[in-house]
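Take a look at the structure below.
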Protein chains: 2
Amino acid sequence: LGGDSAGALRAGCAVELVHCYSLVHDDLPAMDDDDMRRGKPTVHKLHDDAMGVLVGDALLTLAFDVLADRRTAPSAARRLRLVRELAQGSGLGGMVGGQMLDLAAEGRYPAAHLPAGEAGVVLIQSMKTGALIRAACRMGAVLGSANAATMRAVDAYAVALGLAFQIKDDLLDVESDAATLGKAAGKDAEAGKATFVSLLGVAGAKARLDAATREGERALAGIGPQAGWLHALLGFNHARKS
Amino acid sequence: LGGDSAGALRAGCAVELVHCYSLVHDDLPAMDDDDMRRGKPTVHKLHDDAMGVLVGDALLTLAFDVLADRRTAPSAARRLRLVRELAQGSGLGGMVGGQMLDLAAEGRYPAAHLPAGEAGVVLIQSMKTGALIRAACRMGAVLGSANAATMRAVDAYAVALGLAFQIKDDLLDVESDAATLGKAAGKDAEAGKATFVSLLGVAGAKARLDAATREGERALAGIGPQAGWLHALLGFNHARKS
């Protein structure tokens, strides 16, 4: 969408700092209890649980320092929009709240307000993984000086991409193995967790993945030839093996 | 220092959100393993460890959203300064890094770079508890449109207040009980932790508390009669029972 690529890289780093913090905390024994991540021992395996908590906290905090730094964008108003997009996408109304609902769906907390069946799975997905993907896309649009119509198109694209990402993740969890994934496989089925695959079956989930991918493509139609990378991301997600 | 009190209250809330997140994470079994805080069960006791991690994450994230909101200050540049002060005071170079060093001092990680004796205790204090107090004071000065000289005075005051706070905390840990503190007492001695009391003795720590309090008073001399609350805080800390 145009805009300064050095600033966009810094904003991308802030998103990745939040993403990494969420993985370090998710891997803790208190949460998903994973020993491996990206083919390497998780932080708490390498050190201890306290270090896992603190490393995550430090990464999250650094993300906002990076965004607020003048080098991310000359416009102060724009840097503040980035801070708010990231905070809202990753906080209680987004990623963290989604993770809470996900644990509630596993039966760890009362989940009175969680819709049953696919609606619940979609709600959790839209918050737990979707909201950060959406924030990342919207932050790019902010830095690209997107007008309201382009922002709406990017937002609709991001919602579809987030959904496609989660469906693909659920498919890989049943179709892949730990060596390919760089993390444990089959964990969802083991935990008896409702996923797009458990709800729709493998064929049904693949059809939903195709539909979400097409929906993302359609949303990009309003943006035009600038949207090459965004198209590529949909294809990358559809084909990814880990 | 003047400035809008509604905005200052929001900035204060952001500091308190960070403070609360740090307590929720510190209380986790992976860290200090405390069952009580402010006379009530800690978050992980009431729910579970995962909820303790997630509640802390949500509080931390919300702090930056609150600061970036227009209602905190009309000036975008000023809101960004608040974001950076809080991120730097609470992140790896401040509170979180100080907590890592504190655990290293307990022997949980290699602490090759930690100075021995009082210098190490002062370094940990200045990061673990001092940096957030300092950020809070500096944020107030930012919102009060402080000039460079006033900012220097506030900063020197905040460093002294942070030191006085930690010495008082160390004294309370040996002189008070759980009912008064609202949390467990005697934990430092039990953990064999170096504190101002273990290094200087009770009488020596009290003398250092007096000296730090006087140092804070001296720093305020440059600010004048506006500094009433800041004076009061030094007195409050000196006399507090919990």
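Side notes on the structure shown:
- The stretch B:84-178 - Debye-derived log10 I(q)/I(0), Cα point model, q = 0.15, 0.20, 0.22 Å⁻¹: -0.64, -0.98, -1.08
- When chain A is treated as a Gaussian network with alpha carbon springs shorter than 10 Å, the biggest mean-square fluctuation among A:90, A:198, A:126 belongs to A:198.
- In nm, spacing of pseudo-spin labels at residue A:122 and residue B:119 (7 Å Cα→C-beta vector): 6.3 nm
- Report summary: the helix-based calculation at 222 nm, which adds -39500 (n - 2.57) for every DSSP H run with n ≥ 4 and divides by the residues of the protein assembly as shown, gives -22000 deg cm²/dmol.
- Relative to the other identical copies, residue B:71 shows label-point distances of 3.4 nm, where the label point lies 7 Å from Cα along the Cβ direction and values run shortest first.
- Buried surface for the A/B pair, taken as the accessible area of each chain alone minus that of the pair with a 1.4 Å probe, is close to 3200 Å² in total.
- Over all orientations, chain A has a Cα convex hull whose mean projected area works out to 12.9 square nanometres.
- Temperature 4 °C, viscosity 1.567 mPa s: under these conditions the Stokes-Einstein estimate for the stretch B:120-242, based on its Kirkwood radius over C-alpha pairs, is 86 µm² per second.
- 14 Å reach of a label modelled at residue A:174, 7 Å along Cα-to-Cβ, counting backbone N of the stretch A:189-222: A:189-209
- 5 angstrom amide H check on residue B:37, placed H, neighbours 5+ away: B:42
- When only Cα pairs below 8 angstrom with a gap of at least 6 residues are kept, chain B shows a relative contact order of 20 percent.
- Percentage, to the nearest whole number, of Cα pairs in the stretch A:1-141 over 25 Å apart: 35 percent
- Near residue A:74, once Lys and Arg are set to +1 and Asp and Glu to -1 for all other residues with Cβ below 14 Å from its Cβ, the sum equals +4.
- Take residue B:9, move 7 Å from Cα toward the beta carbon, and the resulting point lies 4.5 nm from the same point in each other copy, nearest first.
- Computed over protein heavy atoms with a 1.4 Å probe, the accessible surface of chain A works out to 44 Å² per residue.
- D by Stokes-Einstein for the protein assembly as shown, Kirkwood Rh over Cα pairs, 10 °C, 1.306 mPa s: 66 µm²/s.
- Take residue A:118, move 7 Å from Cα toward the beta carbon, and the resulting point lies 7.0 nm from the same point in each other copy, nearest first.
- Ranked order, B:36, A:100, A:31 - accessible area, probe 1.4 Å, largest first: B:36, A:100, A:31
- C-alpha center-to-center spacing [the stretch B:44-102, the stretch A:44-103] in angstrom: 9 Å
- Membrane-span-like helices in chain B, defined here as complete DSSP H runs extending at least 27 Å along the helix axis by their C-alpha atoms with mean Kyte-Doolittle hydropathy no lower than -1.0, are B:5-26, B:49-68, B:148-175, B:196-220; this is a sequence and geometry rule, not a statement about a membrane.
- When only alpha carbons of the stretch A:50-116 are considered, Rg and Dmax amount to 15.9, 47 Å.
- Considering only A:79, A:138, A:37, the Gaussian network model of chain A with Cα springs below 10 Å gives its largest mean-square fluctuation to A:37.
The values are calculated or read from the model by the stated rules, or taken from the named source; none is laboratory data. In this text, all values refer to a predicted model and were calculated from it rather than measured experimentally. With ideal geometry, Cβ positions are generated from the backbone for all residues, glycine too; neighbour counts draw on all protein chains shown. All accessible areas refer to the heavy atoms of the entire protein, side chains included, with ligands and DNA or RNA removed. Shrake-Rupley method; radii C 1.70, N 1.55, O 1.52, S 1.80 Å.
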